[in-house]
1. So which residues in the stretch 9-29 are in a helix (DSSP H, G or I) and not basic (Lys, Arg), if there are any at all?
2. Restricting attention to the stretch 78-96, does a residue exist that is touching a strand residue (DSSP E or B) at 6+ places or on another chain (Cβ under 8 Å) and among the basic types (Lys, Arg)?
3. Anything in the stretch 93-107 that is small (Gly, Ala, Ser) and closer than 10 Å to residue 83 by Cα? List them, or say none.
4. Does residue 83 fit the bill of being surrounded by fewer than 16 Cβ atoms within 10 Å (Cβ to Cβ) and in contact with a Ser or Thr (Cβ under 7 Å, 6 or more places away or on another chain)?
5. For the stretch 35-70, how many residues meet the condition of being out of contact with any Ser or Thr (no Cβ under 6 Å at 6 or more places or on another chain) and either without any contact (Cβ under 8 Å) to a residue 24 or more places away in the chain or part of a strand (DSSP E or B) (or both)?
6. Any idea which of 104, 6, 32 is in contact with a Lys or Arg (Cβ under 8 Å, 6 or more places away or on another chain), surrounded by 10 or more Cβ atoms within 10 Å (Cβ to Cβ) and in a strand (DSSP E or B)?
7. When the residues of the stretch 71-80 are filtered to those that are surrounded by 14 or more Cβ atoms within 10 Å (Cβ to Cβ) and without any contact (Cβ under 8 Å) to a residue 60 or more places away in the chain, which remaining residue is farthest from the ligand (Cβ to nearest atom)?
Amino acid sequence: MELRIVIIGGVAGGMSAATRARRMNEHASIIVLEKSGYVSFANCGLPYFIGGQIQNEESLFLTTPERVAKRYRIDARVHHEVTRIDRQAHLVEGTNHKTGEKLVLHTTS
Ligand SMILES: Cc1cc2nc3c(=O)[nH]c(=O)nc-3n(C[C@H](O)[C@H](O)[C@H](O)COP(=O)(O)OP(=O)(O)OC[C@H]3O[C@@H](n4cnc5c(N)ncnc54)[C@H](O)[C@@H]3O)c2cc1C
C-alpha cells in the first residue's frame, strides 16, 4: 500500500516536515493541509511589511502550492482546515473552505 503522510499546517514547520518527508521517501503521497491561503511565507518579514520597508506583499511569499507540487510532488492544499484527527483510525477530518465540502483523509500507519 502507498505510504500517505498528512501534515497539518504549512509555513515553516509544516513545509519543512513535508520536504524532509520527501527527501526520506520519494514514493510517498505527501499532503499538506493549510487553513490560510498561503502555504509558505516569511513570518519574519511581516514587521518590515507593516513598517513599509517591504512594499511588495508578494515578496513575502516563499513558495506556492503549484511550485511544491512541481518540485517536490507535494500536494499542498490551502484553505483546508483540519478540525479533527483520529490517531487510532488514522483519519483526518476538516473542511475545504473554498468549496465548503467536508474533508476526510485516511493516512497509512
Ligand atoms: C513577526 C515575526 C518575526 C519572526 N522573526 C523570526 C526570526 O527572525 N528568526 C526566527 O528564527 N524566527 C522568527 N519568527 C518565528 C518563526 O517565523 C516561527 O518560528 C515560525 O513561524 C513558526 O512556524 P510554524 O510553522 O511552527 O508555525 P506557524 O507559522 O504558526 O504555522 C502554522 C500554520 O498552521 C496552520 N494551521 C494551524 N492550525 C491549522 C488547522 N487546524 N488546519 C490547517 N492548518 C492549520 C496555520 O494557518 C499556519 O499557517 C518570527 C515570527 C514572527 C511572527
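1. Initially, the stretch 9-29 is screened for residues in a helix (DSSP H, G or I), giving 11-24.
Passing the criteria: 11, 12, 13, 14, 15, 16, 17, 18, 19, 21, 24.
2. yes
3. Taking the stretch 93-107 as the starting set, the residues that turn out to be small (Gly, Ala, Ser) are 94, 100.
Answer for the stretch 93-107, where residues must be small (Gly, Ala, Ser) and closer than 10 Å to residue 83 by Cα: just 94.
4. On the way: surrounded by fewer than 16 Cβ atoms within 10 Å (Cβ to Cβ): yes; in contact with a Ser or Thr (Cβ under 7 Å, 6 or more places away or on another chain): yes.
Answer is yes for this residue.
5. Step one: list which residues in the stretch 35-70 are out of contact with any Ser or Thr (no Cβ under 6 Å at 6 or more places or on another chain), which gives 35-39, 41-61, 64-70.
Still in the running and either without any contact (Cβ under 8 Å) to a residue 24 or more places away in the chain or part of a strand (DSSP E or B) (or both): 41-42, 44-61, 66-67, 69-70.
The number of residues fulfilling the criteria is 24.
6. On the way: 104 fails: in contact with a Lys or Arg (Cβ under 8 Å, 6 or more places away or on another chain); 6 fails: in contact with a Lys or Arg (Cβ under 8 Å, 6 or more places away or on another chain).
It is 32.
7. Looking only at the stretch 71-80, we keep the residues that are surrounded by 14 or more Cβ atoms within 10 Å (Cβ to Cβ), and these are 72, 74-80.
Going one step further and asking which of them are without any contact (Cβ under 8 Å) to a residue 60 or more places away in the chain, we end up with 72, 74-75, 77, 79-80.
Details: 72: 17, 74: 15, 75: 14, 77: 9, 79: 9, 80: 6 Å.
Among those residues, the one meeting the criterion is 72.
Taken together, the values in this text are just the output of simple stated rules run on the coordinates, not laboratory data. None of the values given here were measured: they were computed from a predicted structure. Note that each Cβ is placed from the backbone with ideal geometry, even for glycine, and that neighbours are counted across all protein chains shown.
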